[in-house]
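Accompanying notes for the structure given below.
The values are calculated or read from the model by the stated rules, or taken from the named source; none is laboratory data. Note that this is a predicted model, so its numbers are computed, not measured. Because the Cβ atoms are built from the backbone with ideal geometry, glycine has one as well, and the counts that use them run over all protein chains shown. To get the accessible areas, we keep the full protein, side chains included, count just its heavy atoms, and leave off ligands, DNA and RNA. Shrake-Rupley method; radii C 1.70, N 1.55, O 1.52, S 1.80 Å.
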Amino acid sequence: MSENERHNRHTPPVSVEQLQAYLQSKQWFEDGKIRNVATIWHRHQDEDAEVVLPASNAKDFQQRVRDALIALASFEKRDVFEAIGDVKRLFLNAITVRVIHADTEDGTIPINDGVLLISKAKDMLSAAAQAIYAKRRHFSGPAPKDARECLDTLLLGQTEIGSYVVNVIVPNQANFVVDQVVADQETADAVPLSQAITWSLVTGLDALAKASTTYEKTGNLKAFDDAVLSGVSANLCDALLGFSGEKHNRTFEITVTAAAGPMFENVPRKFEFDGNHVEVLEQVSSYYKDDYVLPDRVLTGHITKLVRPKDETAGTITLDSMIGDVERKVRVELKGDDYHLAVIAHDQGKLVRVQGDVHIKPKAAELLNPKSFGVIEMEDLF
């Protein structure tokens, strides 16, 4: 027998403190002591049920812990290993990603999408970690050093059958703590960084879901502006898009189970993303990166610049126009007659109107498929 095997044989699978917390979470209560070597636990609704937890000085301590687990599993009418798993999960932050598609029903997934899935799981948690320290539409650099080191402790749990399911475990590490965590969380106590990352992920996914509902009603991407304050970013959206596969054609769901503590009750949260949500994620990611298209807009404004190649009838104008509440310079390519009208409007300082899809970029804007170009006369303004 190896040294590791001897160690595992004599080490309880869970601590007494973990067992006690689990019992309390399941409405068990301490109902007496056996001298100074054990405590007796019963249930309010069923006092015949009994679990005896040994003190650290109890004789045969490891065996007594195992006896307590056997008694618990017997009461819950299940395998003792299942009970041990639930006790451990009470103290872990676990993120389950379930991919749903016709080609994953047997519990397999194309290898490229499987690799992408695991890679994007870490990217998702990295985005959540960055949102602890700052709220931005798009993070261009790495997460802070402590966050990176904490993320390097991530564990990949056993996969499950049921479409294709991957479990990511975020262990609570005593050496990774933060004093100030995400906004709106009022606690003066230091908390494990892993707990803060998990909380940041939940608030971000929750804000993304609410903003998506608003966007479905209004069609206005500005619905996602406030979500940034809750930790949503282009980085988070890109990570989620990866779960839909290389072709972005998979439905997926994320379940977050957090360790009980000052930031969480031990209640899993589930977030579902179907085909429509995947399309929205693509749009939101581009919006946060200032590279997106506003369909079918009517722009009005003054022409500030005219450019036409020599011997060409078509040219490009630059139009100063308000888009939402932001004034932008928009490039518009116009054909012969429309460009001629634009030259006259520019020379006379008149307003013009044009319709099309507005492509917004970080430092520029362009009107795609322009139509209905015209000069606005004074009488049209009244």
Filter segment 136-162 down to residues that are charged (D, E, K, R) and in a strand (DSSP E or B), then give me how many there are. 1
Test Asp320 against the stated conditions and say whether it is free of Cβ contacts under 8 Å to residues at least 40 places away in the same chain, in contact with a Phe, Trp or Tyr (Cβ under 7 Å, 6 or more places away or on another chain) and either basic (Lys, Arg) or more than 30 Å from Val87 (Cα to Cα) (or both). no
Pick from Ala239, Ala223, Ala227: which is crowded, with 22+ Cβ neighbours inside 10 Å, of a type in the set (A, V, I, L, M, F, W, C), without any contact (Cβ under 8 Å) to a residue 40 or more places away in the chain and part of a helix (DSSP H, G or I)? Ala227
Return only the number of the condition from (1) over 30 Å from Ser244 (Cα atoms); (2) assigned to a helix (DSSP H, G or I); (3) without any contact (Cβ under 8 Å) to a residue 40 or more places away in the chain that Arg66 does not satisfy. (3)
Options Val232, Val256, Val191; residue that is aliphatic (A, V, I, L, M), surrounded by 15 or more Cβ atoms within 10 Å (Cβ to Cβ), under 16 Å from the mean Cα position of the chain (by Cα) and at pLDDT below 95: Val256
Among the residues of segment 121-135, are any free of Cβ contacts under 8 Å to residues at least 60 places away in the same chain and either open to solvent by less than 60 Å² (accessible area, probe 1.4 Å) or among the hydroxyl-bearing types (Ser, Thr, Tyr) (or both)? yes
Using the structure shown, decide if Val298 is open to solvent by 70 Å² or more (accessible area, probe 1.4 Å), part of a strand (DSSP E or B) and not acidic (Asp, Glu). yes
Restricting attention to segment 143-153, report how many residues are open to solvent by less than 40 Å² (accessible area, probe 1.4 Å) and touching a helix residue (DSSP H, G or I) at 6+ places or on another chain (Cβ under 7 Å). 4
Buried (at least 19 other Cβ atoms within 10 Å of the Cβ) and closer than 20 Å to Val232 by Cα: is that true of Val330 in this structure? no
For Ala71, state whether it is of a type in the set (Gly, Ala, Ser), open to solvent by 30 Å² or more (accessible area, probe 1.4 Å) and either modelled with pLDDT of 90 or more or not in a strand (DSSP E or B) (or both). yes
Checking Val115 against (1) touching a residue at least 40 places away in the same chain (Cβ under 8 Å); (2) closer than 20 Å to Leu240 by Cβ: exactly one of these is not met. Which one? (1)
Selection status of Glu366, closer than 22 Å to Gln283 by Cβ, touching a strand residue (DSSP E or B) at 6+ places or on another chain (Cβ under 6 Å) and modelled with pLDDT of 90 or more: yes
